[in-house]
1. Is it the case, given these coordinates, that Phe37 is modelled with pLDDT under 90 and among the aromatic types (Phe, Trp, Tyr)?
2. Of everything in segment 1-48, what is basic (Lys, Arg) and more than 18 Å from Asp73 (Cα to Cα)? Give them in sequence order.
3. Say whether the condition of being within 28 Å of Ser122 (Cα to Cα), of a type in the set (Lys, Arg) and without any contact (Cβ under 8 Å) to a residue 60 or more places away in the chain is met by at least one residue in segment 46-65.
4. Among what's in segment 26-50 and is under 19 Å from Thr101 (Cα atoms) and among the aliphatic types (A, V, I, L, M), pick the residue that is surrounded by the fewest Cβ atoms within 10 Å (Cβ to Cβ).
Amino acid sequence: QVQLVESGGGLVQAGGSLRLSCAASGRTFRRYAMGWFRQAPGKEREFVAAISQSGGTTYYTDSVKGRFTISRDNAKNTVYLQMNSLKPEDTAVYYCAAGGTGVITTAREYGYWGQGTQVTVSS
């Protein structure tokens, strides 16, 4: 049982950076693996990054590897996505999700979702 609220999206030039935050309510945040997904207009929702309950294991889709970093602060009930060297193809609505255990890359395995935050990268 968790509620998620994303923030930090906006408009940025190619090559710039943004940091997304996902704040969770409730006392069970530490029980969930967390993930970030994104969806561009007319496209399917795409996996971006995932992190285990303790933060010890992370996984990224190839297109963002080396540019994005997922992290979590369980004391603050917050997960972050640091996005560097942004490209126009990163433009999408970014969603935070809470799942089970381990590193989860499939959207159907996440039980809780935020409303999303828009990221727009201009060329």
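The values are calculated or read from the model by the stated rules, or taken from the named source; none is laboratory data. If you're wondering where the values come from, they're calculated on a predicted model, not measured in any experiment. Virtual Cβ from ideal backbone geometry, glycine too; neighbours counted across all protein chains shown.
1. Spelling it out, it is not the case that Phe37 is modelled with pLDDT under 90 and among the aromatic types (Phe, Trp, Tyr).
2. Scanning segment 1-48 gives Arg38, Lys43, Arg45.
3. Within segment 46-65 (the criterion being within 28 Å of Ser122 (Cα to Cα), of a type in the set (Lys, Arg) and without any contact (Cβ under 8 Å) to a residue 60 or more places away in the chain), the answer is yes, since at least one residue qualifies.
4. Ala33
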